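Below is one structure, written out as structure tokens; the observations come after it.
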Amino acid sequence: MTRFVFITGGVVSSLGKGLATAALGALLQARGFKVRLRKFDPYLNIDPGTMSPTQHGEVYVTDDGAETDLDLGHYERFTGVSSRKTDSVTAGKIYSWVLQKERRGEYLGATVQVIPHVTDEIKAAIQRDVGDADFVLCEIGGTVGDIEGQPFIEAIRQIGYELGRDRCLYVHLTLVPHIASAGELKTKPTQHSVKELLGVGIQPDILLCRCDRDIPANARRKIALFCNLRESRVIPALDARTIYEVPLQYHKEGFDDQVCRHFGVDDRRPDLSRWESIVRRIMQPDGEVNVAIVGKYTTLHDSYKSLMEALTHGGIANNVRVNLNWIDSEIFEGEAADVVPHLQGANAILVPGGFGERGAEGKIEAVRFARERKLPYFGICFGMQMAVIEAARNLAGLPSANSTEFGPCQDPVVGLMTEWTRGNEVERRATNGDLGGTMRLGAYDCDLAAGSLVRKIYDSPRISERHRHRYEVNINYKAILEKTGMRFVGMSPDGLLPEIVEWPTHPWFVGVQFHPELKSRPFEPHPLFTSFIEAAVEQSRLV
Ligand code: GLN
């Protein structure tokens, strides 16, 4: 029997609902339950794929090619359960489904309304494709009281009514602020937020109270009394030293116990040893390395969420702290620009995924620096494309080599593909088609060349990794590029799409067309990140 846990937030946004959901998923899993985690976003975009990173942060991509909210990244990292398209639902999707049905005449002449038609569609989405999950955790984006969130809140209320409270649980995440001038913790915002929920017919079963310090017993008692729940269900959610400590803290405060009690499911003790060991390794590293990340949105770290986590995982695997030095590639551009002072302290350089021409020349400079100085270099997606352009321009005698992403050029070593294969299917896109959902998205296989570094790292001849890009390294330039010594060591199974390049004469230089960071887990660090950080550690020993 599948049970549903609904996680809503109140008072302010950015309290960490995604992490709370992910951590609860991890705790239930540690008790041996099967979990699915999903996110419901009340905005009208069909998905975040077309949103600017400044608006939305990272776009997380699933194996089945959905462009989703970055919270799905937390879900996967905490539980290891691969998300699917059905785990990311926006108001935009819901409305588009409703409108398609309306056009097909499926409402049989009814007036189509938010209630019941939109709410029915939301309820169907919540219960769709749950498989054999014991628990489905549904995070509702935004905060209660938001106008666009109302249909979602109404839908989860109805599900609670229909399935019964023994199959549904409401968790509400709130803020308990400390007011310095009064020297007090304030419970009123939590009371108001719960009142808002009660006003729409939802009595929260558990409150997670975010606070920057201990919440004393009298404050908990007060919250319990005014919010109409038992004191044991007012769970302090205090700031953690690392996000991977959150499951341990929640467990200590009795969160998962209370969830299990609510459902009356057996009280197996969770095995949290893997979380304890991860936290221990993060908090007690044996050394450190400096990685320079040369990108565009360097002040918006949410845009590189999975990347940062994957680097941390690489650090966990090597027992070192990974210090990230964010460098805006534009500072390497222009006549007087000099990369040396910015990059010489780095033990390794990484150019992550990116879009658009701004900052591209600076990234190419960073690639050149890494190649010439034999510093470990990891190019991800755009970072691989820049590595190929660098080789073409500086070694293959093609000074005008570029990507057609920036406009037509004489030597399009990176170009737009309008047709490619996935398994036995041909995928197509029009050059002037929609922007949303038309990239090469999701998991694709890649064959690794014998004798290459990546073959050794993955220890497998064929891998599968997730993609999100519109342009590809142009196979027509493979021969001329290989003459320079660059090796095309990863290819799509049909041999047409270059997926990985390497410099065999370099200690560690790998460019990948996919996004390996999306599949790294703290308890299963991605092999490329483990190996990259290991190379950085080696480099740090040389200096
Ligand atoms: N802008 C490049 C492309 O679309 C790279 C995308 C990326 O780095 N994710 O191909």
| request: Could you grab the relative contact order for the chain? Cα pairs under 8 Å, six or more apart, rounded to a whole percent. | output: 15 percent
| Does anything in region 127-164 have its amide N under 20 Å from the 7 Å Cα→Cβ label point of L99, and if so which residues? | 147-152
| said: Can you tell me the length gained on complete extension of the stretch V340 to T299, counting 0.36 nm per residue apart and subtracting the Cα distance? | reply: 12.6 nm
| Sequence ranges 135-145, 169-179, 251-261, ranked by mean other-Cβ count within 10 angstrom, highest first | 135-145, 169-179, 251-261
| query | Could you give the nm distance between label points at R213 and D494, where each point is 7 Å from its Cα heading toward the beta carbon? | reply | 6.3 nm
| message | Expected output is a single nm value to one decimal: the length gained when fully extending between A450 and R373, i.e. 0.36 nm times separation in residues minus the C-alpha distance. What is it? | response | 25.1 nm
| message | Only four residue types carry charge here, +1 at the Cβ of Lys and Arg and -1 at the Cβ of Asp and Glu. Report the dipole size of region 355-399 about the Cα centre in Debye, rounded to the nearest 20. | response | 140 debye
| request: For a quick protection proxy, order the peptides 455-467, 86-98 by their average other-Cβ count within 10 Å, most packed first. | output: 86-98, 455-467
| note | Taking max minus min of the Cα coordinates of the chain on each principal axis, largest first, gives extents in Å of 74, 62, 44
| task | Please work out how much accessible surface S520 shows to a 1.4 Å probe, ignoring ligands, DNA and RNA, in Å² rounded to 10. | result | 0 Å²
| task | Mind giving me the nanometre distance, one decimal, between the label points for N228 and S14, set 7 Å out from Cα along Cα→Cβ? | result | 3.2 nm
| If you put +1 on each Lys and Arg Cβ and -1 on each Asp and Glu Cβ, how big is the dipole of the chain around its Cα centre, in Debye rounded to 20? | 1120 debye
| said: Modelling each spin label as a point 7 Å along the Cα-to-Cβ direction, I'd like the S52/D286 distance in nm, to one decimal. | reply: 4.6 nm
| query | If you roll a 1.4 Å probe over the chain with all protein chains in place, what percent of the accessible area is carbon or sulfur? | reply | 48 percent
| said: Could you report the chain's accessible area per residue, 1.4 Å probe, as an integer in Å²? | reply: 41 Å²
| task | Subtract the Cα-Cα distance of M1 and R358 from 0.36 nm times their separation in residues, and report this length gain in nm to one decimal. | result | 123.3 nm
| message | A 31 angstrom limit on the alpha carbon distance is what I want to check against. Which of K34/K101; K34/K252; K374/K478; K252/K296; K34/K123 exceed it? | response | K34/K101; K252/K296
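The values are calculated or read from the model by the stated rules, or taken from the named source; none is laboratory data. Just so we're clear, the structure is a prediction, and the values are computed from it rather than from any experiment. Backbone-built Cβ (ideal geometry, glycine too); neighbour counts: all protein chains shown. The protein model used for the area step is the full one, side chains on, heavy atoms only, and it has no ligands, DNA or RNA in it. Shrake-Rupley method; radii C 1.70, N 1.55, O 1.52, S 1.80 Å.
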